[in-house]
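Visitor: Sharing a structure below in structure tokens format, with a few things to ask.
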Amino acid sequence: MGMNGRLYRVTRDLHLYLGLFISPFVLVFAVSVFFLVHAWLPGAGGAASGRRTVTALLLPANLEELSGRPLVDALKPVMTYAQVAGEIGFVQRNPREHRLIVPVSVPGRVTTVTIDTQTREASVERRTTGLADALVVLHKAPGPHLVSIRMNWWCMRVWQWLADATVYVVLFLSVSGVYLWFALRAERLIGLLLLGAGAATFFGTVYALCH
Amino acid sequence: MPSATDSAARNASATGRGGLESLRAWNRKLHYYLGLYLLFFLWLFAFSGLLLNHSWKFAEFWDSRHQSTNQVAISLPPPGGDLAQARDLMRQLGVAGEIEWTRSRDKPERLDFRVSRPGHIVEVRADFANQRATLNRIDLNYWGITRILHTFTGVRLEDRRNERDWWLTTIWALAMDAVALGLVFLVASSLWMWFELRQKRRWGLVALSAGAVVCGLFCFGLRWLY
């Protein structure tokens with residue numbers, strides 16, 4: 001077997017196995033596109049699944065003065081004590097009432113923890129947001145916003161790595177797919193026509209949008 | 001000697017096999033035809049996804065924006081809703097793009113809105129009493145254009161006030177839908193092609209299962225585990 005034959009077979013096998021591994025992730029990103037493009041979320045709002053109160057919280061003395069990442073880091077042990085796991089989002093403050101409202105999300109669920117810094121109590125309310133919301137959360141994570149506080153839960157840090165891996169594998173699949181197609185002489189002409197049509201559609205639309 | 005029924009059954013079976021073969025061949029062809037057609041769209045969304053997830057210095061766009069402000073005389077738009085008046089003003093000002101309502105209209109003689117398209121943002125502040133409009137124009141570089149193309153849908157899940165109102169945004173949203181549908185087809189067709197390869201089934205199943213378990217853990221599993 002020549003070098004070209006070996007390269008072809010190795011590329012074909014990698015295209016197959018990497019494609020199979022990444023296909024569920026590709027489906028997550030593809031299906032969530034419909035929810036994001038049409039601002040439509042089946043089961044939006046979700047069902048609240050009970051409220052509980054946690055008392056005797058151990059809060060850092062300067063909690064109300066903190067912001068950004070230091071605030072998130074200070075809240076982590078509080079969340080562990082309150083048995084609330086997940087990614088801490090943007091914390092709302094109500095200085096008059098000495099309250100912090102902390103959204104904590106796990107794909108498919110949001111827990112709102114309202115901390116009263118004076119009584120050292122917290123009310124914890126869980127809301128199940130469903131699969132569609134989970135897909136949207138995963139699609140948008142980590143995203144461009146709240147750069148200083150995002151990815152503060154280890155599971156979302158793993159997801160960030162997986163989201164990057166999905167992109168790199170998709171880029172590999174597209175390049176290897178072009179190589180595998182080009183090796184099929186009988187399909188070259190129609191393939192080139194489709195590639196050209198795709199390029200014309202893409203650049204034409206982008207040009208019209210931007211100019 | 002085979003009966004007429006046997007012969008018909010054989011013919012039907014051969015036709016069925018032929019149909020399946022044809023379907024199999026078309027599945028394969030469509031897999032790479034569609035992949036080739038969508039190639040540039042896939043590259044854009046894949047690459048811009050990386051840009052959105054990483055604050056890479058080389059892809060910085062906001063600090064290097066070009067900003068200009070000018071005042072323009074306007075004629076009063078005919079009475080009507082906010083959208084109709086905004087469209088009339090845009091026609092007068094020679095501005096095109098997706099309208100975004102940035103603040104509520106508290107005075108009838110004022111109309112403030114933002115017009116955006118990938119790479120360009122124009123803030124319009126119209127003063128009907130003085131028949132003048134202030135335009136604050138922001139132009140972004142190619143990195144900014146690339147990032148905005150990824151998210152340019154005209155609507156947001158958490159914002160019910162803004163609706164898609166520019167025909168090119170609708171075209172782009174349809175393109176996003178088409179790419180997503182194309183990806184679903186590429187996945188489905190690849191599963192069929194893999195399943196036809198008997199010698200690749202075992203390791204293919206290992207790869208697919210590994211992907212499904214890890215991905216399923218994030219989609220379904222985390223909320224049960226935590």
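The values are calculated or read from the model by the stated rules, or taken from the named source; none is laboratory data. Here the structure is a predicted model, which is why all the values come from computation and not from measurement. Using ideal geometry, Cβ is built from the backbone for each residue, glycine included, and neighbour counts are taken over all protein chains shown. Side chains are part of the model used for accessible areas, which takes the heavy atoms of the whole protein and leaves out ligands, DNA and RNA. Shrake-Rupley method; radii C 1.70, N 1.55, O 1.52, S 1.80 Å.
Visitor: Computed on alpha carbon atoms, what radius of gyration and Dmax characterise segment A:49-93, expressed in Å?
Guide: 11.1, 32
Visitor: Under the classification rounded if a/c is under 1.5, otherwise prolate if a/b is larger than b/c and oblate if not, where does segment A:11-107 fall, given a ≥ b ≥ c as square roots of the Cα gyration tensor eigenvalues?
Guide: prolate
Visitor: Divide by every residue of the protein assembly as shown the summed helix terms, -39500 (n - 2.57) for each DSSP H run of at least 4, and state the resulting mean residue ellipticity at 222 nm, rounded to the nearest 500 deg cm²/dmol.
Guide: Value at 222 nm, helices only, nearest 500: -18500 deg cm²/dmol.
Visitor: Springs between alpha-carbon pairs under 10 angstrom, Gaussian network model over chain B: which of B:V214, B:V184, B:V95 fluctuates most?
Guide: Taking springs between Cα atoms under 10 Å, the residue moving most is B:V214.
Visitor: With every protein chain left in place, what is the accessible area per residue of chain B in square angstrom, probe 1.4 Å?
Guide: 56
Visitor: Once you order the gyration tensor axes a ≥ b ≥ c over the Cα atoms, which shape class does chain B get: rounded for a/c under 1.5, otherwise prolate or oblate by comparing a/b with b/c?
Guide: prolate
Visitor: Would you mind checking segment A:151-193 for residues with the amide N under 16 Å from a putative spin-label position 7 Å along Cα→C-beta of A:L66?
Guide: Counting only backbone N, you get A:151-153.
Visitor: Right, next: What is the percent carbon and sulfur in the accessible area of chain A, measuring with a 1.4 Å probe over the protein chains and ignoring ligands?
Guide: 64
Visitor: Specify the inter-centroid distance of segment A:56-126 and segment B:76-104, based on alpha-carbon positions, in whole Å.
Guide: Taking the Cα centre of each part, segment A:56-126 and segment B:76-104 sit 42 Å apart.
Visitor: By a straight-distance test (C-alpha under 28 Å), which lysines pair with B:K200 as possible cross-link partners, with residues fewer than eight away in the same chain excluded?
Guide: Here the lysines satisfying the reach criterion relative to B:K200 are B:K29.
Visitor: Could you work out how far apart the two model spin labels at B:S104 and A:L193 are, taking each label as a point 7 Å from the Cα in the direction of the beta carbon, and quote it in nm?
Guide: The two pseudo-label positions are separated by 5.8 nm.
Visitor: Within 10 Å of each Cβ of A:33-44, how many other protein chain Cβ atoms are there on average?
Guide: 5
Visitor: Further question: What net charge do the residues around B:A207 carry, taking every other residue with its C-beta under 15 Å from that of B:A207, with Lys and Arg at +1 and Asp and Glu at -1?
Guide: Computed value for this residue: +3.
Visitor: If you fit an axis through the alpha-carbon atoms of helix B:142-151 and take the longest principal axis of the Cα set of chain B, what angle between them do you get, 0 to 90°, nearest 10?
Guide: 70
Visitor: Give me the accessible area buried between chains B and A, both sides summed, with a 1.4 Å probe, in Å² rounded to the nearest 100.
Guide: Adding both sides of the contact gives about 6000 Å².
Visitor: Label-point separation (nm) for A:A48 and B:H54, each offset 7 Å from Cα along Cα-to-Cβ?
Guide: Roughly 4.3 nm, to one decimal.
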